[in-house]
Every structure is written in structure tokens, then in C-alpha cells.
1. If you take the residues in region A:509-535 that are within 14 Å of chain B (Cβ to nearest Cβ) and touching a residue at least 60 places away in the same chain (Cβ under 8 Å), which one is nearest to the chain's Cα centre (by Cα)?
2. If we only count helices (runs of 4 or more DSSP H) wholly inside region B:234-301, which ones have 3 or more residues that are within 17 Å of the chain's Cα centre (by Cα)?
3. In region A:593-617, how many are within 13 Å of another protein chain (Cβ to nearest Cβ) and farther than 21 Å from residue B:43 by Cβ?
4. How many of the residues making up region A:488-500 are in contact (Cβ under 8 Å) with a residue 24 or more places away in the chain and either closer than 11 Å to residue A:409 by Cα or surrounded by 13 or more Cβ atoms within 10 Å (Cβ to Cβ) (or both)?
5. Scan region A:389-423 for residues that are in contact (Cβ under 8 Å) with a residue 12 or more places away in the chain and either under 20 Å from the mean Cα position of the chain (by Cα) or over 18 Å from residue A:438 (Cα atoms) (or both) and report the count.
6. Select from region A:559-576 the residues that are at pLDDT 95 or above and more than 18 Å from the chain's Cα centre (by Cα) and list them in ascending order.
7. Would you mind telling me which numbered condition in (1) within 28 Å of residue A:421 (Cβ to Cβ); (2) in contact (Cβ under 8 Å) with a residue 12 or more places away in the chain; (3) more than 14 Å from chain B (Cβ to nearest Cβ) residue A:627 fails?
8. Starting from region A:461-487, take each residue that is on the phi > 0 side of the Ramachandran plot and outside the structural domain of residue A:535 (by TED's automatic domain parsing) and list its partners that are buried (at least 23 other Cβ atoms within 10 Å of the Cβ) and part of a loop (DSSP other than H, G, I, E, B), counting only C-beta distances under 9 angstrom and pairs at least six apart or across chains.
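The values are calculated or read from the model by the stated rules, or taken from the named source; none is laboratory data. Keep in mind that what you see is a predicted model, and the values were worked out from it rather than measured. Backbone-built Cβ (ideal geometry, glycine too); neighbour counts: all protein chains shown.
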């Protein structure tokens, strides 16, 4: 889970607008209506059983001074009760520091033609902020229209106008035909069928626009010139509904999308950002004092310094986004951060960079677009970045380093593996460097299970789960912030076994900045009917913990490609400990799996009386067509229904005989006839006939009057083909009255 | 030995061959040969190789045709399975068994090569696998090799695979054949220790004690040996309650020990399971010694002299019994005639016993044709009144002989002599020493329950 350092943007609502906000009001003067009347819209043929957008129209204008205005009209016909529920509340977020928002009008018309307007007391502007420790200029306009029932059409039009331009040279926007509406349960969204879409943009004649179109959006607008301005118009008709599903691909790959911008060169963003941070990177007295407080060795390496700075921020600076009335792009000075002991990602980054530079480590801020914000196409410039981290270039002393101090007790260096592949701009004031975050290590977990047999015939499974990457980050974060975590942990781990007697579990190192967190658990099982248990292992045990093996959507319901961009490595190491007198034997094994979707391999080894099973699960990033997804789904079901590896402890008779002999020796001593008789018998039973001769003879020599000794000697001699000697020995045994 | 049963639960029926028995005899001719679907493509998973290999191996095992290629293909597939999953004991075992079967079907059998493969098996699996030396033993037995050579092979088998009880069992049988009773007992004892629940091992041990007991007839340890045998037979019967043979032998030893009611109960179980001559014979004996003669004669009618030569003698006893119950001249003549039909050498005891009981009409012994040994001649002479009592007793050499002569003394003096009324005989010979169950013992019991003389004797 990523530390929040962003404007609170629904990831898809970004597609509507990222930058444009306004103060709320309903227009005092009637705004120009962008779409036909509701009466006319009633005649539009129904094309969807649930809901349909009749008109989605945007009209924007960029003025010569860089200020802009944009009006948006949306009309939606709801055709069933579920849609009526979802559309019962309309919410439009905005940032009131940078823009104004005016609601031009909002009305409904029922199927019977009754028109009603929005009531004054069914509308609200409210400051939403960003959640815990998040003080931003975020607001939303929210309202509920009357007469929302199947057959009704609702319409609303609003206008955003710029107030303050965060970056004067930049005007950019993105548009899709859809109105993205949150579901009433807040657990999804809908993008209904669109009858008519239009985006009209007017820019000054000398303004060059770069534009990119995706997923069927018209790449060539209609362009006209008049009144010393250029007028662009894009339009689309009959755009099919998009169903919200899990594991959806990047939106621009399947949702018709337009990106446009007045800039294509990211160095402008570098210059602008550098302008916000450069004066904050000097080593002030407060910074120097903080650096002096670091516990560094006499000759610290670069790594020592990075760790020391990381540790300092983790232990002394709490995460708080406090940018009310400041716009949210300019960090606080390090002295301020040190003074209040809190700061957001920008604040912490500039402080960290200042401290590292004071220690002689070259370091820079880096802007990064987190997955919450998307993964943008960078051929057009826009302010896509919602997070800031530290970048230390490669030096003689070390490789490139990235540092993110904002995670709550995150494992050094604090970088979330979910950031791999995300757009990153290293800000250096010299044009910057736009790149993609490299892979940050494997997302991996290793499940170690040690099986022991209890004295009463029950079993113990000692479990340890080591984790790396996003797996470790997720568990650590969850454990730190969960209130009923002990109970939750038990429930989570109960998926490993289903027949245990008791379970104790814990997460270790959850607050340790330098050692990864891991899970420890101990399961105990009651004795079975069989006094010697059978132990099982299945790769699905760890898959149930760290994959969606149990809740993949049915292929029949799937509408879009299946997109799972995070590779995953899972390993299992199962050790069945042998017992005295018993040997573990593998009585059932499984075949490996190799497919384009995942691979599962196994190794086994008998070692030191124990048996080891190693399983390796590797899943690459997946981007699957519907047909491929079906194959993947069926493979997962096959794995779920597969049998398990079975190891059984079976009698090691040779060892048991030796143990019995040792016990005898312990009881009666090892230098007497009884012991030598027992030893000879043991060797006979082990098939070691020649070795049995010596103890058999010793027994007789020590106790000539023992019929048993003579009998055993007779046997040993017979099995060694000393027939005559054997016959004589048996005769003596008989004479002595021995009957076995 | 729970593990072997557990493994058996996981393994297929082809494991009969793993337990050192011959491959399953087919119920019908199976001529399914190899088809294209039997050959798996390269790179198939281990489970498929195993399934196919096992199927082919079972097909080969169940067929009476020479399916050498089927076996070879089975071995190849199973090898592929083991190559991928070397630690799977089920794969190991089946692969090895197929390999061993393949090697054993060659003209020249390389035990060393098979042993080398055998030694790579998981120790648990070795117990269930065909022992390399056992194959040598099977081939030698088929070639009718001498007993000593067979024993050598089985000794080696027990060294190679000491925890397979079948090896010890076969060794015990061989020692038994060679009349090396104590070694047989020792070997059977190990088999029994390894698999205590298997009735056959208790039986084998018991059988050798039984034979030892017979070898020690009339000696002091005979009873102890018989007692040991009886407990082992009873144990075998308890473990395998569907085996009539075990019950029959258990009954027989109880009879020899004089434990007639126990013998009767076991005999009843034996006959209920199978009406074999052995079972019926023991039932006859139990009824006879319970003096339930009429029922005994009914059972006797189900026995055939062709299957058991003792039947003729029992039939003569029946005739004697009938005669003593209801004398007639015609029946007397018939008995004499029946006796004449019995081979005199075989039925010498009749002559000994009955000669003094018949005043006349008994066919004279043809000394030359009967070929009596010295003891038999002395007994015959004594009963005929031509030898003195003192000499008769003093000339006895063995303990059994003494007892036998005592019996004939009693017959002559307490039954046959003019002054005898038979009372003393009936009191003292009603329950003779039955451990040997010699014919004298039978007559002793019969005579003590019938009148000792015939009219005119």
C-alpha cells in the first residue's frame, strides 16, 4: 500500500479532469445550454436496459493569458431500479484553490414528461480534504435530483474556471465520452452507453496543441479557424458501455480517450518543480543539527548515510499533508518540517535531500505517478505526478538508490514495489530526466513448514512465512494499522490447514526498518486414527494466502482483458522431520505446471532422515484476452482440485531393531550372554548372517548351559551354511530342553 | 508391520509379484498388445508416464501371452516417471518391479544388475519389492534344481531383503523340505516376527514343530513340541479364519495331545469351511475318540481310500465295531474277507491285534510276502502264543516299542486269555497315549468300548 501524498483523485475520474476546479454555485445567469432540450431527448430510442448517457458534451476555452474555462453537460436516462440507485447522487470533486466550479443547472424529466429542477436543499458544497492527516484544498459538489426512477432523464451542466494556474505554460486535459458514476455501495463505478459525445475546444490561434488519441477516440478533430482562434471538435456516437471489473487493463487501452497538451517537453515540468524545491535543499542550521544527531560510523559509506537519513525521518517526522491555502505543489522548508516533526512526501523529500547533500551524497527529488493516479502516456505533458521520493544517482560507492520516507515504518528504503514501471521525473533543474521506475525487487513470499510428530501421535506444524516486495509491504502495513489484527491473522492463516487443534501466530519485525517482517505460526493437530500421521503439502496453501486463487471472476462474466501487471514469486519449503525408528517416504507427488500464465516446479530431497519438498510458483505479469483468461481460470481450478504431496512416516525396521537392541543393552548390559543372544538375533533379522556368528559364539562360550544360546548359534551357523555345526548346536539345545 | 499394509493400500494389485509370489495367473487369455496410444510423447508428465507404465505392466502380468514388448515399454515409461520424480516410492517400486520382471524374462538372468537397481530403492520400498535372489530361486525351482541350491538362493534373498517376510517364509519351507526342522523354525520365526498377523507364518512354524514332535515320538520332549505346534496352529487359525486347513491341523494336534473337545471344535470349524479329506479325517478322529462311533462311521463314508489309505483301516474298525455289536457268522466271514483284501504289510497291525481275537478263520500271515521286521515278527509270535512274555518285554528297544508291546500284552492277557473278562483292559486302555496316534491307539480305544472277544474266539 502506498503512502498517500496525492490529491484525493478517483483514478478514473482523472480521465474527466485532473486540474480543474471551481468554487460552487449555481449560475446566477442562465448558462448556454450545450445539449437539446429534455423534451427532445425523451424521443431518443432506448439502447440499454440499465442506463444510458444521452449527451456528453464538453466545451472548453483557453485564453491568451493561460486562463481557461470549461463547461460540461451530461444527460443520463435511467432504465432500471439499480441505475436509479446509482444515479441518485452526483458528486463532482474539485480543488477550490486552483479553480471555481459553478453548477449551471440540474433537472430531471420523467418518462411521462414531468420536469423538475434541483432543489436548493438537495445540493451541497463541502470540503473533503484527503482523509487522516491530509489537509488539502479538496472539495466536492454533491447533489441529488428529484424523480429519479426508471424512464427518467437527469441532466446537469457545470462550468469550471481557472483561478490560479499551477504551471503557467501548461494547459492540458484528458477526455473520454463517459461519465464515470460511483456505484451506490461505493465499491465500483459505471460507465454507461453513450449516444452522443462531443468535445469542443477553442485555443488562441498561435497555440500549438499536441494530442494523442486512444482506443478508438477520433485522432483527427474537425479544426476551424476564426476570430483569431482555433476551434477543435471531436465527436463520437454510440459508444458501448464499459463494465467495471477487477484486473482491468490501463483505461486508455479500452476506453476511448483523448489527451492533449500545450507542452510535449517535460523539462518544463522539471524547471517548474525545481523552482519549488531548489531553495529548500540548502544545509541550514537545523538541517546540520539533524545531520549531527545521526549515529554514523567513523567512516560511513553511502549506504550508511542513506540508512541514517531514512531512519531519522522515520523516527522523527510523521506524515501529514498540510497544504491548506498553498496549492499543494510547493514543499515546506526543511526547518519548518523539523520544527513541527511532520510533513508530506514533498516536505520529507526535500528534507531528506538536504540532509543527504549535507552528508556529501548527491541526491535529488523525483516526481512519480503512482498507480492510484494511473500510468500515463507521456507524449503529452500534464501534471500526472502525485508523489515525490528521493533519488540518489549511481556513484563509485553504489548503485542508483531510491528512497521513500513516507511509509509508516516501511522497510528501508521504503519504496513500494507497486511503483515499478511508473512514470518518474528526476528533478534536477537541468531539464530533468523522465524515466520509468525500474523493478524494485521481487514480489515474493516463502512459506516454510516444519512438520514434527508429537509423542502422543499428534502433529505440529511450525510455520514461517518470509516476504519480499509488495507482499511484505502489504502485510506490514496491514498489521501496523489493523485494530483486530490478532483475530484477523488467525483467520488469514487458517486457510493453511483446516483440521488443526490450536493455532498461535504473530507478525515479527513489523516495526523494524531494517529487517523484513515475517509471519510465525504454530499449528497443532490431534492424533489421527493412524498413530503415524501422513503429511501433506500443496502449492495452493501459499497461493490461498497471496493470490486470488479463490475469487477469480468466472470467464463467462468477463468483458475486458484480464490485466495483472505484478509478477509474483511464491516458494514453499516443507520439511517432514523423521522420527526415531521411522523414515519419511513420499507416497504421492504432483507434476509440474508450465504454461504462459504460470509455472510451478518442484524439488524433493531426502536428507538427514528428513524429507524436503520445495515448490516454486512463478507468475509473470499477465495481459490476457478473454480466451486466454478462460484457459488461465481453468488452470487455476485444476490446481485447486489437484491432490497434494503426501509424505508418510513408515517403519524403519533396521533402525527399530537397533533401538531395541540398544535398549536391551541399556537394561542388562552389553557384556553378557543375554545381550549377545539378542545381538545375534538382531543381526539375523537384519540379514547380516556372517556378522551374527561372533555374538552367537560369545553367548555360548559365556553360558554353555543356555539352550537358547545354542539354538541361536545353531540358527546362525545354519544360515551361514555351516550345516554340520548347526545340527550339533541344535542337538545340544534340544538336550538342554530348549524349545523356541 | 503397518507400513507394508499402508503401502499396499496405495499400490495396485500387481504387487502380488512384489510379495515374491508368481505373477497373477490370468483368468482368461488376454492378448491386448501395444497400441499407438500406449506410447506417450516425449516430455509427458511423470504421472502420465507412471499411469501408462503401470497399466502396461499390469497388462503384461495378467496375460498368458508372451508380451515382451509390452513389458519393455512398461519399463521405459516407468523409468521416465522415476527420472522426473525419483523420490516417489510408488513410482520407484513399480519401476523396479517392471525392470526386475524384464530381467527375469531374459535367457540369462543377471542378479547383480538387478541387485544394483534394488539397492537404489528407498529402504521402505525394498521390503515390498521383488528380491533379486528370489528371482534366481524361482528360475532354479522351475529348472528343478536341487534343494541345496534353492536354499542357497533363498539365503541370499534374506540377506538382500531381510525385512520381506516372504523371503523368510520360503526359506522356512525349503528347510522343512530338507528336514532341517530347527532352521525351518528359526526362519519361520523371523517371518512371523515381521508379519505377526499372517496366519501362514504361524502355520509354517507350527508345522515344523509338529514334524519335530513326530520325529521325537515316545521321547520326553514330544509333548512339549506338540504343545508348541498346537498353539501355533491355533494362532494361525485365529489369524486366518477362512482357512480350513489351519483348523484341521489345529484339531489334529489337539487330538494327539488328548484334548478331544478342543479337537472336535476345531474339526467342526475345518469341515464348515471346506469338506476336504484332511478336515473330514480330523472330524472322524475327533468323533472316534469321543466314542461317537456311529457318527464317526457316517463321516467315514465321505472319505475315499484312494485319497487316504488310512480309510481302509478305519473301515475295518467300523466292521469290527458292527460285528461286536451284532454278531453274525456272515458278518464275521465278511470281515475276514475284507481283511484279506488289505495289504498285509500295510495292515500288519490288524493281524497283530485281531489275530488273538479270532479263534479261527483269520488268514495266516504269509511271512515272506509281508516282510516283517524283527520287532513285528516278535509281536506276531507273542500274540500267536509262540513267544514268552518275559522275552517279549525285554526285547523292546525304544520307548515307543515298549509302549506298543505293553499294549499287545494287555490285548493278550486282558482281553484274549481265557481268564480275562476285559474289565481291566477297558479301565486302563480307554485313553492310551495318543500323541503318536498309532494304530494301536485307535484299537486301544475301540476295543475298550466293544467286547474284547468274538463268539467262538
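1. Narrowing region A:509-535 to residues within 14 Å of chain B (Cβ to nearest Cβ): A:528-535.
In the following step, the residues that additionally are touching a residue at least 60 places away in the same chain (Cβ under 8 Å) were identified as A:528, A:531-535.
Numbers: A:528: 39, A:531: 42, A:532: 40, A:533: 37, A:534: 35, A:535: 31 Å.
Selected residue: A:535.
2. Numbers: elements: B:244-256, B:260-273, B:277-289, B:293-300.
Answer list for region B:234-301: B:244-256, B:260-273, B:277-289.
3. 9
4. Of all residues in region A:488-500, those in contact (Cβ under 8 Å) with a residue 24 or more places away in the chain come to A:489, A:492-493, A:495-497, A:499-500.
Those left that are additionally either closer than 11 Å to residue A:409 by Cα or surrounded by 13 or more Cβ atoms within 10 Å (Cβ to Cβ) (or both): A:489, A:492-493, A:495-497, A:500.
So the answer is 7.
5. Summing the residues that are in contact (Cβ under 8 Å) with a residue 12 or more places away in the chain and either under 20 Å from the mean Cα position of the chain (by Cα) or over 18 Å from residue A:438 (Cα atoms) (or both) in region A:389-423 gives 24.
6. Passing the criteria: A:572, A:573, A:574, A:575, A:576.
7. (2)
8. Final answer for the pair search is none.
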